[in-house]
1. The stretch 192-249: percent of C-alpha pairs farther apart than 18 Å?
2. For the Cα atoms of the chain, what angle does the longest principal axis make with the long axis of helix 173-184, in degrees from 0 to 90, nearest 10?
3. Can you tell me the dipole magnitude for the chain around its Cα centre, using point charges on the Cβ only (Lys, Arg +1; Asp, Glu -1), in Debye to the nearest 20?
4. Rounded to whole Å and ordered largest first, report the semi-axes of the equivalent ellipsoid of the stretch 188-323 derived from its Cα gyration tensor (root of 5λ).
5. Please give the calculated 222 nm ellipticity per residue for the chain, where each DSSP H segment of at least 4 residues contributes -39500 (n - 2.57) and the sum is spread over every residue; nearest 500 deg cm²/dmol?
6. Would you kindly compute the Cα radius of gyration of the stretch 101-245 and its largest Cα-Cα separation (Dmax), both in Å?
7. Find the Cα radius of gyration of the stretch 78-158, compare it with 2.2 N^0.38 Å by division, and give the number to two decimals.
8. Tell me, what ³J(HN,Hα) does each residue in the stretch 300-308 have, in order and in whole Hz, if you take phi through Karplus 6.51 cos²θ - 1.76 cosθ + 1.60 with θ = phi - 60° and put x for Gly and Pro?
Amino acid sequence: MSGLTEPLPGTSDLWEPEVAEWRDLEGIARNVFNRYGYTELRTPIMERTEVFVRNLGNETDVVQKEMYTFQDRGGRSLSLRPEGTAGVMRAIANHGLNTGEECRVFYMGPMFRGERPAAGRRRQFHQVGCEAVGCNSPWMDAETIAMLVHFLAELGITGAKVMVNSRGLPEDRPPIAAALKEYFRPHLAEMCPDCQRRFEGNVWRMLDCKVPACHEIALGAPHIADLLGEASKDFFAKVCDGLKSLGVDFEVAPRLVRGLDYYVHTVFEITHTALGAQDALAGGGRYQITLPGTNTAIEGVGFAAGIERLLMARNALGIKAEEQPAADTYIIGPSAPAIPVALQLAGELRSKSLGGRVHADFTGRSMKGQFRSANKSGAKRVLVIGDDELANGTVTCKNMADGSQTSVPRAEVAAWLEKISN
Ligand code: HAM
């Protein structure tokens, strides 16, 4: 049976106190992105496969090899979302966005890619991302990157590296692809099977192949930024100027192209050495997406960061969320007649929002056993309803930090707790 109780490879169960780390990170994300005027959007976890194929590009690894695709009962092809941008754009198209209007949203949640699991590479992973749609200014790209850097700073993640490049506009691409092919053609036989496949369909991706032999060859390839048209060069220069004026420390990375086809102009990635081989904390860029059901292309700029990887980096830097005890107030009532009294008192405290997390023990175990559980729960206060207390209509309130005890009439426990917590 043990195999059946384990989560699938590349997925996990999350328990406290790990969940506390996630809540902390999610809270910081909401707080920071709200300050930039982004509102939260939640889109479905599954979409029509078409939504991803059209927008991420048919030749990308994500679409070719990594999507979880299946047929529903009506024979429609559906996929679990491998990333958030395509679904966000579908939702915006459905909601309607008038010409000249902007939409800035952030999202967080699970994404699915059928990759080989490794440290930092999961099949169900979680992203927190932002998309600013409908603004074509290079300042928007600079502000997006600055906002991501700000988010990392609020998470306490220091030592991250920001890399930026440009892929230019679609019209810049044929001559660049031709120049890259001319460069790679004589080396093709020495390159990996993936690169040999990419040579025809997606020569750009040969620039950032991680296989050492391919990487060596790619080091000598022409720089994309040098081959861009004037308009794209100008756009990229403005993004770099914007980043400098916002005080962002960045590097231009000539071989950074990113794995998804929708990018135009700016692409960026943030890496961290604490992550090992899967070192990308976050990635993003400016993109052009043709809205489903229309021929209208709409531009946006955004990024997504892997929550597991952000947490790995925080962990490596020794940053911890505050741990939450299982209970703040633990009510002990060992005898059968004490149980309903304990439960009623717990109900009263919860409805008046007093005593924090309230746990009533109705196991009927001995006083000693219940005290042991109270200690384990981390409760600051134990309310005891023993035989004497039952007979007198009182509750003994024990402060677990200093061991002091107070006897309080049962009907006045809530008022007493309110008084001592003020
Ligand atoms: P991406 O680079 O494919 O971009 O993913 C963004 C981040 O998600 C990565 O930097 C990494 O931290 C995390 N990630 C990706 N795959 C995995 C995995 N298998 N296991 C764990 N973490 C992973 C996008 O998804 C784009 N939608 C970003 C974007 C938004 N571009 C524009 N807007």
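1. I get 53 percent for the Cα pairs in the stretch 192-249 exceeding 18 Å.
2. 80
3. The calculation lands at about 760 debye.
4. Ellipsoid semi-axes (Å, largest first): 27, 23, 17.
5. Calculated from helices alone, the mean residue ellipticity at 222 nm is -11000 deg cm²/dmol.
6. Here Rg and the maximum Cα pair distance are 18.2, 50 Å.
7. Rounded to two decimals, the normalised Rg is 1.30.
8. Couplings: x, 9, x, 7, 9, 10, x, 5, 4 Hz.
We did not get these values from a lab; they are worked out from the coordinates using the rules stated. Note that the coordinates shown come from a computational prediction; the quantities given were computed from them, not determined experimentally. All Cβ positions, even for glycine, are placed from backbone atoms using ideal geometry, and neighbour counts span all protein chains on display.
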